[in-house]
1. Given the condition within 16 Å of the ligand (Cβ to nearest atom), more than 20 Å from PRO260 (Cα to Cα), in contact with a strand residue (DSSP E or B) (Cβ under 7 Å, 6 or more places away or on another chain) and not in a loop (DSSP other than H, G, I, E, B), answer yes or no: does some residue in the stretch 186-197 qualify?
2. When you look at VAL170, is it touching a helix residue (DSSP H, G or I) at 6+ places or on another chain (Cβ under 9 Å) and in contact (Cβ under 8 Å) with a residue 40 or more places away in the chain, yes or no?
3. Which residues, taken from the stretch 362-409, are part of a loop (DSSP other than H, G, I, E, B), within 20 Å of THR243 (Cβ to Cβ) and within 16 Å of the ligand (Cβ to nearest atom)?
4. Quick one: would you say GLY197 is in contact with a helix residue (DSSP H, G or I) (Cβ under 6 Å, 6 or more places away or on another chain), surrounded by fewer than 19 Cβ atoms within 10 Å (Cβ to Cβ) and among the small types (Gly, Ala, Ser)?
5. Just checking, which of ARG134, ARG126, ARG79, ARG112 is more than 16 Å from the ligand (Cβ to nearest atom), part of a loop (DSSP other than H, G, I, E, B), in contact (Cβ under 8 Å) with a residue 12 or more places away in the chain and among the charged types (D, E, K, R)?
6. Inspect the stretch 271-280 for any residue being within 29 Å of ALA400 (Cβ to Cβ), modelled with pLDDT of 95 or more, touching a Pro at 6+ places or on another chain (Cβ under 6 Å) and aliphatic (A, V, I, L, M) and give the result as yes or no.
7. Can you go through ARG379, ARG415, ARG346, ARG330 and tell me which one is touching a helix residue (DSSP H, G or I) at 6+ places or on another chain (Cβ under 9 Å) and over 22 Å from VAL25 (Cβ atoms)?
8. Which condition does GLY43 not pass, out of (1) more than 21 Å from the chain's Cα centre (by Cα); (2) surrounded by 14 or more Cβ atoms within 10 Å (Cβ to Cβ); (3) away from the ligand (no atom under 16 Å from the Cβ); (4) under 30 Å from GLY156 (Cβ atoms), if it passes all the others?
Amino acid sequence: MNISKSEALFRRAVEKIPGGVNSPVRAFRSVGGQPLFIARGEGPYLYDADGNRYIDYVGSWGPLLLGHRHPEILAALERALAIGTSFGAPTEQEIELAEAIMEAVPSIEMVRLVNSGTEATMSAIRVARGFTGRDLIVKFEGCYHGHVDSLLVKAGSGMATLGIADTQGVPRAFAETTLALPYNSLAAVEAAFGAHGGRIAAVIVEPVVGNMGCVPPLPGYLAGLRAITERHGALLLFDEVMTGFRVAFGGAQQRYGIRPDLTTLGKVIGGGLPVGAYGGRRDVMNKVAPAGPVYQAGTLSGNPLAVAAGLAMLRHLKAHPEVYDTLEGRAARLCAEVPAGVTVNRVGSMFTFFFTEGPVTDWDSAKKSDTARFGRFFRAMLERGVYLAPSQFEAAFLGAAHSDEDIERTIAAAREAFAA
Ligand code: HOZ
């Protein structure tokens, strides 16, 4: 495979951009080789600078549920461009996006738009603290909630990929406001509340983890979190940046039938443009400035282009609910065959192959995966024209643009790659 143009671009990039990338997870550090530079995307495919085509299971790390350059999203963007790129003032479309989100996710009684998932989680925990008057936040090992100072404790995604246990630059006092517990253990949560109950503002959780690879909640786990937080007057915060509009139209909370107090969203709700959102109970969200005393702001929040793309995405999904069944069926087919010694975890169109016997239910079991073997698998897939996330500790995303033929080609590539 010729990637000489990507190689030249990378040599140029590392001189100007830390590590040559604008987000660490793109860097291929844990799988070997170097990042491909992307020239364009079309439907389920990515084309690199050298003209190689790949079936794309990264989907921009989740947002591209409908694939690249979906015509309805492009048309919405063209209409928005004709009007203006940013106003820093309210627009009717922002209300429409808020309404579309609230209709799909009924636990969200009010919502604030921001520019990224990180901003959403950062803001949501501030609101939780303001509402409860408490300081501590419970998170789970291997979950990742963006690069918020106090949430970069035992975090997944790039932190896990690069083996950075705790990032430098976060004051110890901030990190000490976070209690990091094992995922899928209600006993650990009971114990933490037993010791610190009156000081815990919120439990933040990826209801289906995507950031230590895909790890589903065990039966009863989310309901247990709901019961414990309620009993102790803490808020339950579902980080659905990855799962929102992905594992079901109403996200993981619809799929598992749990109503959190607060929810964060991002990725799919921006249709491929930078967006995030946090929302939830009206009494909690009414604490947000200017309605209340918890300050949070943003020059480009509710940006008309991002809102237009997001609205087009949500309207398409609402009009085509069959998308979710199609994704479920195709993802099941894709994940049906794995060799001995490989565990596949899947929820809807999110999945991960772990190179361990399994089961993989938390960070301790996820990190048993043979990451060197994953690296070889990743490179073998890339050589066969399949682009996976360059890390063991990320989820793969199937989109509605992937055809049955793409799935069969991917299965054939995976058979060869596993054998290799
Ligand atoms: N939040 C994404 C999933 N882990 C990764 C995106 C990034 O960190 O660049």
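1. Checked against the condition, which is being within 16 Å of the ligand (Cβ to nearest atom), more than 20 Å from PRO260 (Cα to Cα), in contact with a strand residue (DSSP E or B) (Cβ under 7 Å, 6 or more places away or on another chain) and not in a loop (DSSP other than H, G, I, E, B), the stretch 186-197 yields no hits at all.
2. Numbers: touching a helix residue (DSSP H, G or I) at 6+ places or on another chain (Cβ under 9 Å): yes; in contact (Cβ under 8 Å) with a residue 40 or more places away in the chain: no.
So VAL170 does not fit the description; no.
3. LEU388, ALA389, SER391, GLN392, PHE393, GLU394, ALA395, LEU398, GLY399, listed by residue number.
4. Judged against the criteria, GLY197 is a match.
5. ARG134
6. We begin by selecting, within the stretch 271-280, every residue within 29 Å of ALA400 (Cβ to Cβ); these are 271-280.
Retained after the next criterion (residues that are modelled with pLDDT of 95 or more): 271-280.
Add one more test, that the residue is touching a Pro at 6+ places or on another chain (Cβ under 6 Å), and what stays is 272.
Then keep just the ones that are aliphatic (A, V, I, L, M); that gives none.
No: the stretch 271-280 contains no residue that is within 29 Å of ALA400 (Cβ to Cβ), modelled with pLDDT of 95 or more, touching a Pro at 6+ places or on another chain (Cβ under 6 Å) and aliphatic (A, V, I, L, M).
7. After ruling out the rest, the residue left standing is ARG330.
8. So the condition that GLY43 fails would be (1).
The values are calculated or read from the model by the stated rules, or taken from the named source; none is laboratory data. All values reported here derive from a predicted model rather than from experimental measurement. Here Cβ is always computed from backbone atoms with ideal geometry, including for glycine, and neighbour counts include all displayed protein chains.
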